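Trainee: What follows is a single structure, and I will ask about it in a moment.
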Amino acid sequence: MSLSQRLDLRQTQALVMTPQLQQAIKLLQMSSQELGSFIAEEIEKNPLLERAGDGPAPESTPENENAGERFVIAPSASAPAAVASSLAAPAVADARGAENQEDPWTGYGATEQYGRGGSFDEDDFNKAREVAEGPSLREYLLEQIHVDFADPSERLIAAALVELLDEAGYLPSDLELARAQLGATPEQFESVIVRLQQCDPPGIFARSLKECLAIQLREKNRLDPAMAALLDHLDLLAKHERARLMRLCGVDAEDLAGMIAEIRECDPKPATVFTADVAPPIVPDVMLRPQPGAGWLVELNNGNLPRVLANEHYYAEVQASVRSKSDKDYLSERWQQANWLVKALHQRATTILKVAAEIVRQQDKFFVHGVQHLKPLILRDIAEAVEMHESTVSRVTQHKYIATPRGLFELKYFFTTALARADGGAAVSSESVRERIKALVENEAAGAVLSDDRITEILRKDGIDIARRTVAKYREALRIPSSAQRRREKRGR
């Protein structure tokens with residue numbers, strides 16, 4: 001067999017993503033905060049870009065302005081003309097989806113899943129403003145250390161320990177490496193920690209939840225042997241095993257209830273009051289308003305929509321004065337980039353609005369009647385309706401929020417899986433089933449706690465074909481304890 005060289009000409013098809021296409025995809029999935037930061041950077045880099053309203057009005061074309069648009073969705077059978085009055089003043093929902101961890105002092109948890117509960121009032125904003133304007137935790141502690149520690153070496157150790165505090169105000173449980181790096185003896189190191197634990201706020205510099213609570217209770221002169229025994233068994237307290245706790249602490253039910261009440265008055269995260277990084281409030285990207293006699297009005301939130309312009313007048317003025325080829329190339333590149341960004345922002349805005357309007361159209365009953373009427377919905381349903389790819393719809397609904405008469409929701413919230421009905425009727429959404437389970441547990445009698453099997457039976461009688469393991473999964477996702485744990489808690493009340 002002989003070896004030879006030859007040249008072949010072949011035609012192939014390949015999908016190549018240009019840098020601009022890649023950037024457009026990134027713009028689509030950015031949140032409003034991320035987009036704002038990106039626009040600020042681009043304006044800083046590109047002299048031909050400017051925010052709308054900054055300086056003299058530049059010449060522009062209609063596509064050069066990413067102004068807000070709107071959709072009016074015609075009323076349906078579920079959206080009567082009086083829809084505005086039927087939805088009067090519901091609570092604004094917190095769509096942040098915060099972690100809802102169970103603590104001994106919070107029962108099932110103080111927060112709820114995003115899309116429900118929680119209202120904002122003036123006090124909340126006042127507290128946030130006070131936190132932002134006040135000293136940071138580090139500054140506050142260093143001021144106390146400067147007064148309380150006269151010895152320079154101890155002051156150095158104390159200042160180093162301040163830098164090791166986590167967001168809740170705790171020290172790491174293992175401090176041996178830090179002690180060795182500071183060259184302190186174990187006795188000196190422990191002495192500094194004990195003195196730091198006397199700083200304000202109470203509970204700061206603890207190395208565990210137990211130690212944090214003990215510091216606060218000791219300051220109130222309530223750390224007696226019974227309370228110390230209770231702190232040694234916080235796991236039993238979280239499980240509501242009060243009978244065992246009474247035996248271990250040597251107290252009766254009334255005394256135990258009083259001790260638990262005192263623990264609940266303590267702050268398990270003493271540093272949070274000094275957190276300087278206050279989470280910004282969520283600003284909706286889309287607004288939904290009921291229109292009496294005309295269905296729904298869906299429009300972009302212009303206050304949250306970056307408006308940038310490519311300044312054609314400035315471009316013409318600078319272009320007339322440049323002479324070198326490199327300057328002309330640079331100016332041409334900046335002009336093309338500015339025009340592309342303006343068009344990309346306009347396309348992003350119209351795409352978000354189009355997807356949001358279709359979600360409203362398909363979830364019409366939810367906005368009128370509530371979560372029990374949330375329709376099963378998947379990305380493909382919206383993608384086919386608006387003639388987009390599923391991946392585009394997925395990017396549009398990430399980190400985008402819609403303000404509705406029923407609260408503030410992430411667009412992702414409206415996509416839920418379907419559960420079949422036993423009677424052959426229309427499927428129900430998993431989110432509405434979760435809400436039904438939550439309502440059943442909240443309304444259960446103290447002497448008739450519902451097991452997962454019993455909840456399954458009730459749902460099946462309502463026509464919802466659901467397995468017991470699915471009920472257990474939804475209950476755990478809602479942070480609802482088991483029936484045995486709820487029964488123990490109700491007996492202890």
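Trainee: Against the conditions (1) under 30 Å from residue 305 (Cα atoms); (2) touching a residue at least 24 places away in the same chain (Cβ under 8 Å), where does residue 389 fall short? Just the number, please.
Mentor: (2)
Trainee: Can you name the condition, by its number, that residue 391 falls short on among (1) assigned to a helix (DSSP H, G or I); (2) under 29 Å from residue 291 (Cβ atoms); (3) within 23 Å of the chain's Cα centre (by Cα)?
Mentor: Residue 391 satisfies all of (1) assigned to a helix (DSSP H, G or I); (2) under 29 Å from residue 291 (Cβ atoms); (3) within 23 Å of the chain's Cα centre (by Cα) except (2).
Trainee: Looking at 398, 336, 347, 363, which one is open to solvent by 70 Å² or more (accessible area, probe 1.4 Å) and under 33 Å from the mean Cα position of the chain (by Cα)?
Mentor: 347
Trainee: While we're on this one: Taking the condition under 20 Å from residue 471 (Cα atoms) and among the aliphatic types (A, V, I, L, M), does residue 419 pass?
Mentor: Criteria met by residue 419.
Trainee: Sticking with this structure for a sec: Give the stretch 303-314 a look and list any residue that's touching a residue at least 60 places away in the same chain (Cβ under 8 Å) and not in a loop (DSSP other than H, G, I, E, B), or say none.
Mentor: Passing the criteria: 304, 308, 309, 310, 312, 313, 314.
Trainee: Counting just the residues of the stretch 426-442 that are open to solvent by 40 Å² or more (accessible area, probe 1.4 Å) and outside any helix (DSSP H, G or I), which one comes out modelled with the highest pLDDT?
Mentor: In this case the residue turns out to be 427.
Trainee: Please determine, by comparing only the residues of the stretch 315-331 that are part of a helix (DSSP H, G or I) and in contact with a helix residue (DSSP H, G or I) (Cβ under 7 Å, 6 or more places away or on another chain), which one is most open to solvent (accessible area, probe 1.4 Å).
Mentor: If we take residues in the stretch 315-331 being part of a helix (DSSP H, G or I) and in contact with a helix residue (DSSP H, G or I) (Cβ under 7 Å, 6 or more places away or on another chain), then 319 is most open to solvent (accessible area, probe 1.4 Å).
Trainee: So in the stretch 186-221, with the set limited to residues that are open to solvent by 70 Å² or more (accessible area, probe 1.4 Å) and assigned to a loop (DSSP other than H, G, I, E, B), which one is farthest from residue 143 (Cα to Cα)?
Mentor: Ranking the qualifying residues of the stretch 186-221, first place goes to 221.
Trainee: If you check residue 286 against the conditions, is it at pLDDT 85 or above, surrounded by 16 or more Cβ atoms within 10 Å (Cβ to Cβ) and in contact with a strand residue (DSSP E or B) (Cβ under 7 Å, 6 or more places away or on another chain)?
Mentor: The answer is yes for residue 286.
Trainee: Taking the residues in the stretch 368-384 that are at pLDDT 85 or above and surrounded by fewer than 18 Cβ atoms within 10 Å (Cβ to Cβ) as candidates, determine which candidate is farthest from residue 412 (Cα to Cα).
Mentor: 384
Trainee: Something else now. Could you give me the residue pairs with C-beta distances under 6 Å whose first residue belongs to the stretch 166-180 and is farther than 19 Å from residue 194 by Cβ and touching a residue at least 24 places away in the same chain (Cβ under 8 Å), whose second residue is in a loop (DSSP other than H, G, I, E, B) and among the charged types (D, E, K, R) wherever it lies, and which are 6+ apart or on separate chains?
Mentor: If the second residue must be in a loop (DSSP other than H, G, I, E, B) and among the charged types (D, E, K, R), the pairs left are 168/269.
Trainee: Can you go through 409, 415 and tell me which one is open to solvent by less than 10 Å² (accessible area, probe 1.4 Å), modelled with pLDDT under 90 and either within 27 Å of residue 463 (Cβ to Cβ) or among the hydrophobic types (A, V, I, L, M, F, W, C) (or both)? Explain how you work it out, then say what you get.
Mentor: Details: 415 fails: open to solvent by less than 10 Å² (accessible area, probe 1.4 Å).
The match here is 409.
Trainee: Residue by residue through the stretch 443-493, note down the ones that are open to solvent by 20 Å² or more (accessible area, probe 1.4 Å), in a loop (DSSP other than H, G, I, E, B) and either among the basic types (Lys, Arg) or on the phi > 0 side of the Ramachandran plot (or both).
Mentor: Correct list: 479, 493.
The values are calculated or read from the model by the stated rules, or taken from the named source; none is laboratory data. Note that the structure is a prediction, hence the values are computed from the model and not measured. As a convention, Cβ positions derive from the backbone with ideal geometry for all residues, glycine included, and neighbour counts pool all protein chains shown. Heads up: the accessible areas ignore ligands, DNA and RNA and are worked out on the full protein's heavy atoms, side chains in. Shrake-Rupley method; radii C 1.70, N 1.55, O 1.52, S 1.80 Å.
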